[in-house]
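Chemist: My structure is below; once you've seen it, I'll send some questions.
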Amino acid sequence: MKRHGSLWPELVDFRNLLQAAHKAARRKRHSANVAQFGFDLENQLLRLHDELISNTYQPGAYRTFEIYEPKRRMISAAPFRDRVVHHALCNVLEPIFERTFVFDSYACRKGKGTHAAVDRFQHYARRYRYVLKCDLRKFFPSIDHEILKHVIARKIKDRDVLGFVDRIIDASNTQEPVDRWFPGDDLVTASERRRGIPLGNQTSQFFANVLLNPFDHFVTAQREVGGYVRYVDDFAIFGDDKRSLSAIRERCREDLARHRLRLHPHKSVISRTADGVRFLGFRVFPTYRLLPRENLIRLRRRLRRMQEGFANGDLRLASIRQRLVSWLGHAQHADTTRLQKDLFGATIFSRTMVHEWPDADAGGRLGRRGNRVVRGGSWNTNTRNTRTANRNRNTPDNRNNNNGFRVVSESVSTLRVAEFSRSPLPEPVDSRIVWACESAVHRATPRRFLMAETGPMSDSLREVW
């Protein structure tokens, strides 16, 4: 096996550090620590460069927190300057190891990802009758430091880079406890070996692919294996014979034990592909795929929390739109057309509002601003009149103030703001609706009311004020 050297100058090069800083700040530029680092970017990178050259760089402390969906996990967030260093290391090592990875490894690689893995899974499900679906038990907390360093050293011979990799691995914070004993261990082996790398690091995702790369080649070399797909610690092996798959499972268990890893005892099962198999957030069938029931339960729970937050004024429409679009991006990879229509068609975000009308006198007569009457479009509740008013395409610069809304009810106490459908959501337009309300006049004393806007955008998002 060819080993690579003379990588340290490339790693500490200022251009590599600058590229790593941009990668680490992607989609996080509004974070306080990212903004602070970016405000003095050049000096920060020069200081980091000097520490790497002089071998005085030390990783900082991790900030840990827990997530509970879909299951409880401990996430470790490194300081931003450490994240820059992690990306700089991956920029150098990833091209070297990428050439050795099998095609059907889909985690944290360019052109891959979860949806590509699900597509490949479904491709094999059409061809084979059975699938062995496996999961590694507590994968990241179980990674043995010495074994990981040995696998990396088989491909890298630069001593400075290897020492730097050792420093990052040794700086891992304490992970949750895992099973310690493996065949051949004595009484002190388990206490002498360090285990666990933080879930959340860029390097941790890359190290996971490096550690399991020998296992990928071991599986694909088996004659009975028809198809193989792996995403981090979830993998699937396809075949037409259940006995062969059962034998392969035992061989996989033995090979993983050499890396001090274990299969999950309850998540390593053989199933018929025609019955549908859970994989990476989908229930995959040979000809179609669905979302699991747990996914819908979590979404409805999130929708209720967003409705409460919007009603209390803690959430804006733009924030709600961003969260729902991310879920829609995942759901569109399954057969969910009817689900999206039923789910979002029945979801209403409401907020109560009281608006004072300073231009209306006590008798309810129309007020004036200067020498002109402020008007509010059609007062008729007929939908056709509303659409006719909307054809004017008024803007805040239009003097006639015929804003194309109508009063639907004069005694509604709750303000219905948005109703989502399965269509792509447009840009937030709440500011225009606010302006329309402020330039309207009610005929009676100030009270709560409901107005509806119709027009070209109503097919995907109906704003109701």
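The values are calculated or read from the model by the stated rules, or taken from the named source; none is laboratory data. Predicted model only: the values in this text are computed from it and were never measured. As a convention, Cβ positions derive from the backbone with ideal geometry for all residues, glycine included, and neighbour counts pool all protein chains shown. Protein only, heavy atoms only, side chains kept; ligands, DNA and RNA dropped before computing areas. Shrake-Rupley method; radii C 1.70, N 1.55, O 1.52, S 1.80 Å.
Chemist: Keeping every protein chain present and rolling a 1.4 Å probe, give me the accessible area per residue for region 227-274 in Å².
Modeler: I get 46 Å² per residue for region 227-274.
Chemist: Quick check: at a probe of 1.4 Å, how many percent of the accessible area of region 1-136 sits on carbon and sulfur atoms?
Modeler: 51 percent
Chemist: A follow-up question, please. Which part of region 75-98 falls in the paramagnetic zone of residue 32, meaning amide N under 15 Å from the point 7 Å along Cα-to-beta-carbon?
Modeler: Only 79-80 pass the distance filter.
Chemist: Pull up all non-local amide H partners of residue 291: gap of 5 or more, or a different chain, and H-to-H distance under 5 Å with H placed in the peptide plane.
Modeler: Distant-sequence amide H within range of residue 291: 283.
Chemist: Give me the percent of the accessible area of region 153-245 that comes from carbon and sulfur atoms, probe 1.4 Å, all protein chains in place.
Modeler: Here it works out to 45 percent.
Chemist: Order the peptides 237-246, 137-146, 287-296 from the highest to the lowest mean number of other Cβ atoms within 10 Å of their residues.
Modeler: Answer by packing, highest mean first, reads 137-146, 237-246, 287-296.
Chemist: What nm value, rounded to one decimal, do you get for the distance between residue 157 and residue 42 when each label is placed 7 Å out toward the C-beta?
Modeler: 4.0 nm
Chemist: Give, rounded to the nearest 20 debye, the magnitude of the charge dipole that region 1-123 has about its Cα centre when Lys and Arg contribute +1 at Cβ and Asp and Glu contribute -1 at Cβ.
Modeler: For this selection, approximately 440 debye.
Chemist: Now for a different question. Taking a virtual spin label 7 Å from the Cα of residue 296 along the C-beta vector, which residues in region 326-351 bring their backbone nitrogen under 13 Å of it?
Modeler: 335-344
Chemist: Would you tell me the accessible area of residue 224, worked out with a 1.4 angstrom probe on the heavy atoms of the protein chains, in Å² to the nearest 10?
Modeler: Probe radius 1.4 Å; accessible area of residue 224 about 60 Å².
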